[in-house]
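Okay, so here's the structure we're looking at.
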Amino acid sequence: MDTTALRTAYDDLLAAAEAIGATTPLTADARSAVDWTLSHVALSDRLLTAAARDVLSGRPVTVDNRDAMDEAAIASLIGSTTHAQRVDLVRRHAARLSALVEEMPGEAAATPARIRLVGRDGRAHPDQRITWGELIRLRAEEHVPGHAARLRALAAAAAVQERSGS
């Protein structure tokens, strides 16, 4: 499968994350949002990598994001890593996911996937069934770019705040 869009989305996300350093003057809320975002993406990518292995092996594919939304798991990851380590974790997980997707023949895109989503509020959404190709497209065109935009906005707000001296 073609991973151009997926790799581009991750490159953009990583650039946005790297623009924010440990010493970037963020408010506590903004720092928390950066930490949450990177941890959530890293945990999500781990789940998607497991699903990619299922696609490659011909097993049924279910993606349940509950672990990537779990506040205790996110807090544990934040508490045990630095910003730079979280960025590196996202980089490594994205590379693994992209490499597995790239190994897949084009027809793997038609593989059915069951999606179980939990919102940040902990509320479960109805299960969905989409193809693996659609899931990867959504990841590349919506999910990862949305997180990159969030990180860029947080960095921009910090830069404005720093320039204004507040």
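The values are calculated or read from the model by the stated rules, or taken from the named source; none is laboratory data. From a predicted model like this one, the values you see are computed outputs, not experimental measurements. With ideal geometry, Cβ positions are generated from the backbone for all residues, glycine too; neighbour counts draw on all protein chains shown. The protein model used for the area step is the full one, side chains on, heavy atoms only, and it has no ligands, DNA or RNA in it. Shrake-Rupley method; radii C 1.70, N 1.55, O 1.52, S 1.80 Å.
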*asked:* Quick check on my filter: what residues within the stretch 29-57 are buried (at least 16 other Cβ atoms within 10 Å of the Cβ), within 20 Å of residue 158 (Cα to Cα) and not small (Gly, Ala, Ser)?
replied: 31, 34, 35, 36, 37, 38
*Considering every residue within the stretch 145-166, establish whether at least one is touching a residue at least 60 places away in the same chain (Cβ under 8 Å) and within 24 Å of residue 60 (Cα to Cα).*
no
*Just need a number here: residues in the stretch 68-107 that are exposed (fewer than 14 other Cβ atoms within 10 Å of the Cβ) and more than 24 Å from residue 5 (Cα to Cα).*
9
*Filter result for residue 152 (charged (D, E, K, R) and closer than 25 Å to residue 17 by Cβ)*: yes
*In the stretch 127-142, is there at least one residue being without any contact (Cβ under 8 Å) to a residue 60 or more places away in the chain and farther than 24 Å from residue 94 by Cβ?*
yes
*Would you confirm whether any residue within the stretch 10-28 is farther than 22 Å from residue 158 by Cβ and either open to solvent by 30 Å² or more (accessible area, probe 1.4 Å) or at pLDDT 95 or above (or both)?*
yes
*Please note which helices (runs of 4 or more DSSP H) are completely contained in the stretch 19-130 and include at least 3 residues that are of a type in the set (Ser, Thr, Tyr).*
28-57
*Does the stretch 78-94 hold any residues that are aliphatic (A, V, I, L, M) and either in contact (Cβ under 8 Å) with a residue 60 or more places away in the chain or on the phi > 0 side of the Ramachandran plot (or both), and which are they?*
84, 87, 90, 94
